[in-house]
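To start, the structure under review is shown below, and the notes come after it.
The values are calculated or read from the model by the stated rules, or taken from the named source; none is laboratory data. Bear in mind that the values here come from a model prediction, so they are computed numbers and not experimental data. Here the Cβ positions follow ideal geometry from the backbone for every residue, glycine too, while neighbour counts run over all protein chains shown. Quick note on the areas: whole protein, heavy atoms, side chains included, nothing else; ligands and nucleic acids left out. Shrake-Rupley method; radii C 1.70, N 1.55, O 1.52, S 1.80 Å.
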Amino acid sequence: MRSTTGHTTTAFLDRLAEYDRTARTAARGYLADPDLSRHLLDPAGDYLDRNGKGLRPALCLATCEAFGATVEDAVPSAAALELLHTAFLVHDDVEDGSELRRGKPTLHRLYGPALAVNAGDGLAVLALGALRDNDQRLGRALSARVLAEFVFMARQTVDGQARELGWQRDNRTDLTPDDYLDLIMKKTCWYTTVLPLRVGALIGSGGQADLEPMLRFGFFLGAAFQIRDDVLNLVGSTKRYGKEPLGDLREGKRSLILLHLLAAASAADRARVEAFLALPPERRSDAAVADLAALVHAYGSIAFADEFAHGIARSAAAAFEEAFAAVPDSPPRRFVADLVPFMVDRDR
Amino acid sequence: MTEAVRGLRPLVSDVRTFGLLSATSVVDRYVDLVERTLGPGSAAAGYADRPGSPPDAPDLRLLARSTARMAEAYVGLLGAVAGVVGEAGPADGSAPRGVGAAFPATVPGGRAETTLWLHNPTSTPVPEVTLAATPLVAGVGAAVPLRLDPPRLEVLPARASVPVRLTTVVPAGQPPGTYHAVVVASADPDGPVTVTLRVVPAEGRP
């Protein structure tokens, strides 16, 4: 029996859970080394045991299957993706001073920043080991192409993160939606959607797939996903969303919402926003954050971001058809198609 | 029309279209970078070098492919825009391109709302923006009033988008059919927005 909740069916959720379990088990396997200290293994394994969505490895595994190979062929890559994603989360939480991750205290709050940062380094190193295992399964030529995709993705991601932190440090208030989209292409889309799709198609087709349509589909999907994440940070419930509410505003993140507010606010209100952003993060009081949130609502900045994201989501649905045009209908192909509304309309 | 916005893209725009266009322009910038770094011919991706091409020569094959892709994306984009706003307008640039909005289908006696966005992509605020709208009219001559909220803005700030609520109340007994109206902003009189309303029979009635 299939039951329906909005866009999501239980069949879809079951498949997502299965892909997640497969990738997470494989990722966990790379931590199963008795020679490694528990001061590395405990914090490194912490986030992996939390209830994440598993979207990235699921996208990679499903795309690989849809293009004709087996899930097992893409498992080392999916595990590497999960390990790298977790490493990015650990470091991101330290950089942002975040309090919550997936509904629980962040790693640096549990273990201290030193062990947390080291665990993040360890997870990234273990991902390299997972990618090395592709040699045996895929052959050296295809394995080298997968590695090149990961190297390019990692460069984009750390560059995107540096840009965002730099914007905050330099207190930039002159940014446009194009600047924001360029940032999230680097910071989010590459490792969330573009790489999983491209690597899945690469492995699934034995290196024959045209990967350019995957770049387009991946970007549209990832951008709509990230803007939804920005909106949820303002309107989502902490219980479901799993992060502290209004965290992005407190950090002064240059989200599309904040950029719209800076552009739309009256001169007096813009001055208030700029004064808030000029404060060191530790001096931004709860009341000041609440004031900023009220302005965001008053100027329609959330509605703007939602509409903007829906325009991109439409492109994602169209780009999916182009990217998967040569792929026959199958459950994994339908799973990827269903990921579009799932990622764009989610509430967590 | 103020000097600040003369010659720039239409001020009145739809945010969804704006999102679509912005995202497309960003992804287009990356296509070439990714081709160079990871596509055929890139040493990093483990491909063999193609014979006969000096290292700095332009790759005509890739260039041709990229040009074809841009044309294809443009055609696809026009189609997508038409899907979003309902009316793409003339594509040859000979006349101002129209953009449009649509109310959800409404029964006689019902009320419908939709949103238009005033968008100022320039770095200069636009003062005193007034909006005017015709009634919604059908081919048979029937008309339905259209209300704008707000009908006037003291200023449309630089790089800002402001929503304008469009509301209509369809009188009971209004003939079913497709109704059209035009909304014009004083700051961009050459970029009218068409608005469409489909009045459908109430359930159980012919």
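In Å², nearest 100, what accessible area do chains A and B bury in total when the solvent probe is 1.4 Å?
Values: alone 15270 and 12180 Å², together 24260 Å².
So the buried area, both faces added, is about 3200 Å².
Give, in nm to one decimal, the length gained when the segment between A:Ala288 and A:Arg169 is fully stretched (0.36 nm per residue of separation minus the Cα-Cα distance). Walk me through the numbers on the way to the answer.
Working: separation 119, 0.36 × 119 = 42.84 nm, distance 1.92 nm.
Computed gain between A:Ala288 and A:Arg169 is 40.9 nm.
Classify the range A:275-348 from the C-alpha gyration tensor, please: rounded if a/c falls under 1.5, else prolate or oblate depending on whether a/b exceeds b/c. Present the calculation step by step, with values, prior to reporting the outcome.
Working: a/c = 3.78, a/b = 3.02, b/c = 1.25.
It is prolate, given that a/c is not under 1.5 and a/b is the larger ratio.
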Spatially close lysines, pair count over the range A:9-345: Cα under 19 Å, gap of eight or more or interchain: 10
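For chain A, what is the calculated [θ] at 222 nm in deg cm²/dmol (nearest 500), taking -39500 (n - 2.57) for each run of four or more DSSP H residues and dividing by its residue count? Provide the component values of the computation, followed by the final result.
Values: 18 runs with 249 residues, N = 348.
Roughly -23000 deg cm²/dmol at 222 nm, from the helical runs in chain A.
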Cα-based helix-to-principal-axis angle, A:286-298 vs chain A, degrees rounded to 10: 80 degrees
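Just want to confirm a number: the relative contact order over chain A, from Cα pairs under 8 angstrom separated by 6+ residues, in percent. Display every interim value, and only then the final one.
Details: 478 pairs, mean separation 71.6, N = 348.
Computed value for chain A: 21 percent relative contact order.
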Å² of accessible area per residue within the range A:8-108, as computed with a 1.4 Å probe and no ligands counted: 37 Å²
In Å², nearest 10: area of B:Phe18 left accessible to a 1.4 Å probe: 20 Å²
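At a 1.4 Å probe, what is the % contribution of carbon and sulfur to the accessible area of the range A:162-229?
On the way: 680 of 1720 Å².
Ligands and nucleic acids excluded, carbon and sulfur give 39 percent.
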Descending semi-axes in whole angstrom, ellipsoid equivalent of the range A:9-345, from the Cα gyration tensor: 34, 24, 17
Residues with amide H under 5 Å from that of B:Gly110, placed H, sequence gap 5 or more: B:Val170
Whole-Hz couplings from phi, Karplus 6.51/-1.76/1.60, listed for the range A:271-280; x for Gly and Pro: 4, 5, 5, 5, 5, 4, 5, 6, 6, x
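If you place +1 on the Cβ of every Lys and Arg and -1 on the Cβ of every Asp and Glu, how big does the dipole about the Cα centre of the range A:9-345 come out, in debye to the nearest 20? Please list the in-between numbers first.
Values: 38 positive and 47 negative charges, 59 e Å.
Using only the charged Cβ atoms, the result is roughly 280 debye.
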Integer Hz, Karplus 6.51/-1.76/1.60 couplings in order for the range B:134-143, x for Gly and Pro: 7, x, 7, 10, 9, x, 7, x, 6, 9
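FRET efficiency for A:Thr9 and B:Ser186, Cβ-Cβ distance as r, R0 = 35 Å, nearest 0.05? Before the final figure, lay out each step's value.
Values: r = 49 Å, r/R0 = 1.41.
E between A:Thr9 and B:Ser186, to the nearest 0.05, is 0.10.
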Cleavage-rule hits, GluC sites (Glu not before Pro), the range A:78-180, DSSP coil, Cβ neighbours within 10 Å at most 15: A:Glu99
Cβ-based charge dipole, the range A:9-345, positive-most Cα from A:Ala44, A:Thr173, A:Gly247: A:Ala44
Efficiency of FRET between A:Ser330 and A:Asn51 - r from beta-carbon atoms, R0 25 angstrom, step 0.05: 0.35
Which of A:Asp159, A:Asp35, A:Asp230 is most accessible, then next, and so on - probe 1.4 Å: A:Asp35, A:Asp159, A:Asp230
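Enumerate by residue number the trypsin sites (Lys or Arg not before Pro) in the range A:255-324 meeting two conditions: DSSP loop (anything except H, G, I, E, B), and at most 15 other Cβ atoms within 10 Å of the site's Cβ. If you can, show how the numbers build up before the last one.
Numbers: sites: A:Arg270, A:Arg272, A:Arg283, A:Arg284, A:Arg314; in loops: A:Arg284.
The qualifying sites: there are none.
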Residue-averaged beta-carbon neighbours from other chains (10 angstrom radius) around A:310-317: 6
Calculated from backbone phi, Karplus (6.51, -1.76, 1.60) coupling profile of the range A:308-315 in Hz, x at Gly/Pro: 4, 5, 5, x, 6, 4, 4, 5
